[in-house]
Amino acid sequence: DEYIAKYFEENIFTHLGAMHCACKSKGVDMAICSFAYPSLNWYEFIPRLYLDFNMKKVWAWHIKDVPLITFRTYTKIIDIYNRELKKFCEREGIIYIPVAEEFKAGLEHFFDVCHTTPLGLDVKTDIIGSYVARWIKNKGFR
């Protein structure tokens, strides 16, 4: 967990921080969403097999001899990312939108490990929209 968190901090969050500085210099607030993935029940074997296959053959096909690239491994890494992203946003004063925390849906909402179907996109945009609407209201805009 620590190694992965450090990787995110040194690589991804460094770039997000630079983007935030650019936004602040223009007087623009920045918002970042957590990263959602399909939620599966323990008994959903076929969807889990599909997502494992998707991870190995679509997303990690270029990584040789790494048998542990599974959907479960992916979700563990994304959970670390989301946890560290929330801390980063709090520390930097960036608006954090908890999409992953509120978007608990199965494969009917996802094409693969991360891309949403039109149904999933509706749910995701409703979550984001509710936070943006609250932000607008809190800022006093009409």
Which of the residues that make up region 15-35 are open to solvent by less than 30 Å² (accessible area, probe 1.4 Å), touching a Pro at 6+ places or on another chain (Cβ under 9 Å) and not in a loop (DSSP other than H, G, I, E, B)? none
Positions within region 1-16 being of a type outside the set (Phe, Trp, Tyr) and either out of contact with any helix residue (DSSP H, G or I) (no Cβ under 6 Å at 6 or more places or on another chain) or free of Cβ contacts under 8 Å to residues at least 12 places away in the same chain (or both), in sequence order: Glu2, Lys6, Glu9, Glu10, Asn11, Ile12, Thr14, His15, Leu16
Using the structure shown, decide if Asp79 is surrounded by 11 or more Cβ atoms within 10 Å (Cβ to Cβ), assigned to a helix (DSSP H, G or I) and among the acidic types (Asp, Glu). yes
What number of residues within region 107-122 are open to solvent by 50 Å² or more (accessible area, probe 1.4 Å) and either closer than 22 Å to Arg48 by Cβ or charged (D, E, K, R) (or both)? 5
Run down Lys104, Lys87, Lys137 and say which single residue is out of contact with any helix residue (DSSP H, G or I) (no Cβ under 6 Å at 6 or more places or on another chain), within 21 Å of Glu44 (Cβ to Cβ) and open to solvent by 80 Å² or more (accessible area, probe 1.4 Å). Lys104
Determine if region 54-62 includes at least one residue that is within 17 Å of the chain's Cα centre (by Cα) and over 12 Å from Val113 (Cα atoms). no
Counting only residues that are surrounded by 13 or more Cβ atoms within 10 Å (Cβ to Cβ), modelled with pLDDT of 85 or more and either basic (Lys, Arg) or part of a loop (DSSP other than H, G, I, E, B) (or both), region 38-71 contains a total of 6
If you go through region 91-109 one residue at a time, how many are at pLDDT 95 or above and not in a loop (DSSP other than H, G, I, E, B)? 10
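The values are calculated or read from the model by the stated rules, or taken from the named source; none is laboratory data. Computed from a predicted structure; not experimentally measured. Every residue, glycine as well, gets a Cβ built from its backbone with ideal geometry; the counts of neighbours run over all protein chains shown. The area values use the complete protein model at the heavy-atom level, side chains included, leaving out ligands, DNA and RNA. Shrake-Rupley method; radii C 1.70, N 1.55, O 1.52, S 1.80 Å.
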